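Since the structure comes first, as structure tokens, the remarks are kept for the end.
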Amino acid sequence: MIGLLYKDFYTLRQYGKTMLFMLVLFAVISAGLDNPATFFEGFIILMSMIMTITSFSYDALAKWDRYALSMPLTRKEIVAEKYLLSIILCFAAAILSFLISTVVLQFAPVEGFGMTAHLYATTTIICAALFFIGILLPLIFQFGVEKSRVFLIAIFAAPTAAVITLDKMGLSMPSEAALFSFVKLLPFGILLFYLLSYLISVRIYSSKEI
Amino acid sequence: MNAIEVNDLSKRFDSFQLKKVNFTLPKGSIMGFIGENGAGKTTTIKLMLNQLWVDSGSIQIFGLDHKVDEKKIKNDIGVVLDEGYFYENIKPRQISKIMEKIYTQWDAPLFYDYLNRFRLPTDKLIKDFSRGMKMKLSIATALSHHPKLLMLDEATSGLDPVVRSEILDLFLEFIQDEDHSILFSSHITSDLEKVADYITFLHEGGIIFSESKDELLHDYGLLLCGGEDYKTVDKGDIIGHRESRFGHEILVKNKERLKQKYKGLIIDSISIEEIMLFYVKGEEFK
């Protein structure tokens with residue numbers, strides 16, 4: 001499985017350079033916003049999710065699956081590696097963007113957005129990203145990466161639509177205290193969700209003929 | 001002991017069916033797997049590698065069940081596919097780093113030896129390689145974890161004769177070790193004629209024959225005759241028949257016996273390619 005991680009990092013390296021460019025670009029763009037930190041971090045973490053999906057595209061281009069399944073690798077390992085990859089990329093992006101925005105916040109503090117709020121916000125973004133990728137990975141294993149790009153749009157559109165609808169229905173936003181306690185529980189929920197998603201993907205991939 | 005034993009292997013698809021395929025590859029030999037495109041060669045290889053599920057029948061590799069001992073078996077197999085390899089944005093040096101983590105017996109110095117021998121650069125992206133170079137790289141990769149069995153699916157197709165002969169030499173070298181075996185699917189039958197010990201011929205999902213090459217070439221013959229003589233030939237002796245401007249060409253078996261039987265007629269030797277064509281395109285065969 002470590003070999004597969006190596007393989008993905010080598011193939012994604014080219015893409016990583018684009019990421020660094022985006023990092024600088026979005027740092028500049030977000031500097032003009034009210035709260036640059038959340039926007040910047042949100043975007044960088046989203047990019048890391050897209051990198052995971054890109055690794056599937058590269059695999060499909062090289063017809064990698066058939067080759068991988070001629071090696072001493074189990075299907076479970078192949079699935080597990082992608083989940084691990086997405087977590088590594090997500091956390092790498094989160095830590096990097098958190099550090100950058102912390103430095104920026106030192107120079108241009110946002111009122112009411114201290115370290116605690118910043119940490120909560122970052123945690124929420126990580127959880128949201130893992131939630132999306134947790135939905136997407138089984139779909140990719142089932143339908144292939146090309147078809148799954150359509151789902152990607154749907155996955156992002158659905159929660160946004162839900163929030164807008166709830167807002168239209170006149171539901172007020174929950175209190176800050178309620179939000180904070182929700183965020184505290186969130187990582188555990190996401191962890192469970194991720195595990196479930198992994199098990200589903202293993203099931204899908206194990207029954208697939210290549 | 002046998003490297004591969006396939007018994008009554010069947011697999012059904014919507015438009016194609018593999019029918020009770022049987023063959024055995026003894027250790028220390030090279031088997032050529034021939035047949036036209038779509039005959040079932042790749043399907044058989046995929047079934048052996050557990051990439052497709054077997055409907056019925058059994059596959060044993062190194063005497064082990066291909067499913068139960070999958071990981072163990074795959075650690076000892078080197079596979080070269082006509083499609084399916086690394087993404088092209090990778091360098092041979094990185095391949096070695098990756099494989100080191102996948103195969104327990106990966107031998108990096110050996111890999112670099114092969115690269116050297118094939119005059120392949122270690123620090124260039126694969127996308128800058130020619131098709132011949134890519135294939136040599138695949139083969140170098142497949143050989144560098146000390147496999148006991150090499151499986152090649154159309155590996156020499158699309159390569160020029162010089163590269164092909166270089167690769168064939170390597171195969172002959174690999175087979176020097178009595179523990180080593182090669183299964184080599186190709187539709188370039190001349191390559192197989194050069195190196196194979198056994199020939200297995202698949203046609204429309206079924207095995208036509210799986211025999212030693214020498215016996216095949218010794219056994220099969222081409223009987224040439226005119227229209228009058230054709231009528232005297234026993235129908236039971238005709239395996240395949242082709243009529244041309246110059247007369248009748250008949251594919252026969254038991255060449256030596258028939259030479260005695262039809263003393264006036266000419267029975268020539270025949271190449272594997274021609275045998276294959278007779279079966280695929282011949283008007284009649286039993």
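The values are calculated or read from the model by the stated rules, or taken from the named source; none is laboratory data. Note that the coordinates shown come from a computational prediction; the quantities given were computed from them, not determined experimentally. FYI the Cβ positions are ideal-geometry reconstructions off the backbone, even for glycines, and counts take in every protein chain you see. What goes into the accessible areas is simple: the full protein's heavy atoms, side chains included, and nothing from ligands, DNA or RNA. Shrake-Rupley method; radii C 1.70, N 1.55, O 1.52, S 1.80 Å.
So which of A:117, A:108, A:62 is without any contact (Cβ under 8 Å) to a residue 40 or more places away in the chain, more than 25 Å from residue A:14 (Cβ to Cβ) and over 19 Å from the mean Cα position of the chain (by Cα)? Break it down stepwise before answering.
Values: A:108 fails: without any contact (Cβ under 8 Å) to a residue 40 or more places away in the chain; A:62 fails: more than 25 Å from residue A:14 (Cβ to Cβ).
Just a single option satisfies the conditions, and that option is A:117.
Residue count for region A:1-42, restricted to those that are among the hydrophobic types (A, V, I, L, M, F, W, C), away from chain B (no Cβ under 14 Å) and not in a helix (DSSP H, G or I): 2.
When the test is whether a residue is surrounded by 14 or more Cβ atoms within 10 Å (Cβ to Cβ), more than 14 Å from residue A:127 (Cβ to Cβ), among the aromatic types (Phe, Trp, Tyr) and over 15 Å from the mean Cα position of the chain (by Cα), residue A:198 does not pass it. Just so you know, in region B:103-127 the residues that are facing another protein chain (nearest Cβ under 10 Å) and farther than 17 Å from residue A:2 by Cα include one that is most open to solvent (accessible area, probe 1.4 Å), and it is B:125. Inspection of region A:177-188 identifies at least one residue that is surrounded by fewer than 19 Cβ atoms within 10 Å (Cβ to Cβ), within 24 Å of residue A:87 (Cβ to Cβ), under 14 Å from the mean Cα position of the chain (by Cα) and at pLDDT 85 or above.
Quick grid of which residues meet (1) over 19 Å from residue A:208 (Cβ atoms); (2) open to solvent by less than 20 Å² (accessible area, probe 1.4 Å):
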position: B:3; (1), (2): yes, yes
position: B:7; (1), (2): yes, no
position: B:14; (1), (2): no, no
position: B:40; (1), (2): yes, yes
position: B:45; (1), (2): no, yes
position: B:49; (1), (2): no, yes
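Restricting attention to region B:165-204, the residues that are outside any strand (DSSP E or B) and either open to solvent by 40 Å² or more (accessible area, probe 1.4 Å) or not assigned by TED's automatic domain parsing to the domain that holds residue B:36 (or both) add up to 15.
State all residues of region A:49-78 that are open to solvent by 50 Å² or more (accessible area, probe 1.4 Å) and either touching a strand residue (DSSP E or B) at 6+ places or on another chain (Cβ under 8 Å) or at the interface with chain B (Cβ under 7 Å from one of its Cβ atoms) (or both); if no residue qualifies, say none.
If we filter region A:49-78 for residues that are open to solvent by 50 Å² or more (accessible area, probe 1.4 Å), which is where we start, we get A:50, A:60-61, A:63, A:65, A:74, A:76.
Hits for region A:49-78 are A:61, A:63, A:74.
Whether a residue is in contact with a His (Cβ under 7 Å, 6 or more places away or on another chain) and either modelled with pLDDT of 95 or more or assigned by TED's automatic domain parsing to the domain that holds residue B:17 (or both) was assessed, and residue B:59 passes this test. How many of the residues in region A:79-105 are open to solvent by less than 30 Å² (accessible area, probe 1.4 Å) and among the aliphatic types (A, V, I, L, M)? Residues flagged as open to solvent by less than 30 Å² (accessible area, probe 1.4 Å) and among the aliphatic types (A, V, I, L, M) within region A:79-105 amount to 7. Please verify whether residue B:165 is farther than 30 Å from residue B:256 by Cα and of a type in the set (S, T, N, Q), treating the condition exactly as stated. Yes; evaluated as a whole, the condition is true for this residue. Checked across region B:81-102, the condition of being under 26 Å from residue B:53 (Cβ atoms) and more than 7 Å from chain A (Cβ to nearest Cβ) holds for at least one residue. Annotation: of all residues in region B:214-271 being basic (Lys, Arg) and either under 19 Å from residue B:201 (Cα atoms) or open to solvent by less than 20 Å² (accessible area, probe 1.4 Å) (or both), the one that is farthest from the chain's Cα centre (by Cα) is B:255. Filtered by the rule that a residue be open to solvent by 10 Å² or more (accessible area, probe 1.4 Å), closer than 26 Å to residue B:277 by Cβ and part of a strand (DSSP E or B), region B:16-38 gives B:17, B:19, B:20, B:22, B:24. Taken over region B:53-73, the criterion of being within 14 Å of another protein chain (Cβ to nearest Cβ), touching a residue at least 12 places away in the same chain (Cβ under 8 Å) and more than 17 Å from residue A:209 (Cβ to Cβ) is satisfied by B:61, B:62, B:73. Pull out all pairs, ordered by first then second residue, where Cβ-Cβ is under 8 Å, the residues are six or more apart or on different chains, the first lies in region B:249-277 and is within 12 Å of residue B:216 (Cα to Cα), and the second is small (Gly, Ala, Ser) and surrounded by fewer than 12 Cβ atoms within 10 Å (Cβ to Cβ). Partner pairs satisfying both residue conditions: B:255/B:269. In the set (1) outside the structural domain of residue B:6 (by TED's automatic domain parsing); (2) in contact with a strand residue (DSSP E or B) (Cβ under 7 Å, 6 or more places away or on another chain), the condition left unmet by residue B:231 is number (2).
From the list A:137, A:119, A:130, the one residue that fits, being open to solvent by 40 Å² or more (accessible area, probe 1.4 Å), at pLDDT 80 or above and assigned to a helix (DSSP H, G or I), is A:119.
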